[in-house]
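Accompanying notes for the structure given below.
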Amino acid sequence: MSLDAQTRKLAAIAYGEASGANDANEIGGIAWAVANRARAWGGKTVDGLLAADPNYTYAVKDGNQRYAKLMKATEAAIAADPGMKLAVDSAKAALANSGNDPSNGAYWWDGKDFKSNFDNHPKVKDGFHITDPKHNIFDVKDVAHPTTIYWKVRDKKTGKEVNSKVRGKFQFVWESTAAYGSTIFWKHDADYIKATGGKAYR
């Protein structure tokens, strides 16, 4: 059975974004995170997801060698390479939503840049929570940004929008779900979603 384009693309992303250790949970977690988000976002294809969020994964456009290697590899070469074969098997399982999800329901992930660019990292600026000490592979501390969201109502006399009752409160936008190798996995904090009315996959 030939390897279809969407499975190959997902496998290449997982292989390219993961560290060189070829850890089954790290590669599998990335494949599942992409597939989870694509499923949640209206059942998009991998290409459809990347079109909707072009900055979701940099491996597809930053010259990542592992990504390019798998995208160009013959099926025989993939079968003979344990890391690439693992990525393809993980992609197939993730797209089929079959078996264990190492990411534990994640939609996003970060690699070593989470620590090396910590002060300027978007998730740090948003606020994040490490939910399990085992996830803290970069030895960082939670960053909370307590936020209150109000319902907006229009003042009938002035026509201006004013804060009304509290819609919700949150401290973190992101919470960890798993970590393997050099990758930590994320989803949105439930309080953040509730307070903002946002989507889990956006």
Solvent-accessible surface ranking, highest first, for 150, 192, 56 at 1.4 angstrom: 150, 192, 56
Net charge of neighbours whose Cβ lies under 11 Å from the Cβ of residue 73, counting Lys and Arg as +1 and Asp and Glu as -1: +3
Summed side-chain charge close to residue 151 - residues other than residue 151 whose Cβ falls under 14 Å, Lys, Arg +1, Asp, Glu -1: +4
Accessible surface, per residue, of the chain when the full set of protein chains is kept, probe 1.4 Å, Å²: 53
Segment 87-181: Rg to Rh, with Rh as the Kirkwood radius over Cα pairs: 1.17
Charge context of residue 111, other residues only, Cβ under 10 angstrom, K/R +1, D/E -1: -2
Approximate spin-label separation residue 158-residue 97, in nm, with each point projected 7 Å along Cα-to-Cβ: 4.8
Solvent exposure ordering (accessible area, 1.4 Å, most first) of 103, 182: 182, 103
For the chain, share of DSSP beta bridges that run antiparallel, in % to the nearest 5: 90
Potential extension, residue 5-residue 74 segment - 0.36 nm per residue separation minus Cα distance: 23.6 nm
Rule-of-thumb Rg ratio for segment 64-143 [Cα; 2.2 N^0.38 Å; N residues]: 1.42
Global size of segment 30-106 as Cα Rg and Dmax, reported in angstrom: 13.0, 35
Helix-only [θ]222 nm of the chain, DSSP H runs n ≥ 4, -39500 (n - 2.57) each, per residue, nearest 500: -11500 deg cm²/dmol
Convex hull per residue volume in Å³, alpha carbons only, for the chain: 139
Largest-first ordering by accessible area, 1.4 Å probe, given options 170, 128: 170, 128
Heavy-atom accessible surface of segment 51-202: percent carbon and sulfur, 1.4 Å: 50
Inter-label distance for residue 139 and residue 112, nm, one decimal - labels placed 7 Å from Cα along Cα-to-Cβ: 1.5
Which listed pairs, of 44/134; 61/112; 44/72; 125/194; 9/169, have C-alpha distances above 27 Å, in listed order: 44/134; 9/169
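The values are calculated or read from the model by the stated rules, or taken from the named source; none is laboratory data. Values in this document were obtained by computation on a predicted structure and should not be read as measured data. So basically every Cβ, Gly included, is an ideal-geometry build from the backbone, and we count neighbours across all protein chains shown. Areas reflect the complete protein model, heavy atoms only, side chains present, ligands, DNA and RNA absent. Shrake-Rupley method; radii C 1.70, N 1.55, O 1.52, S 1.80 Å.
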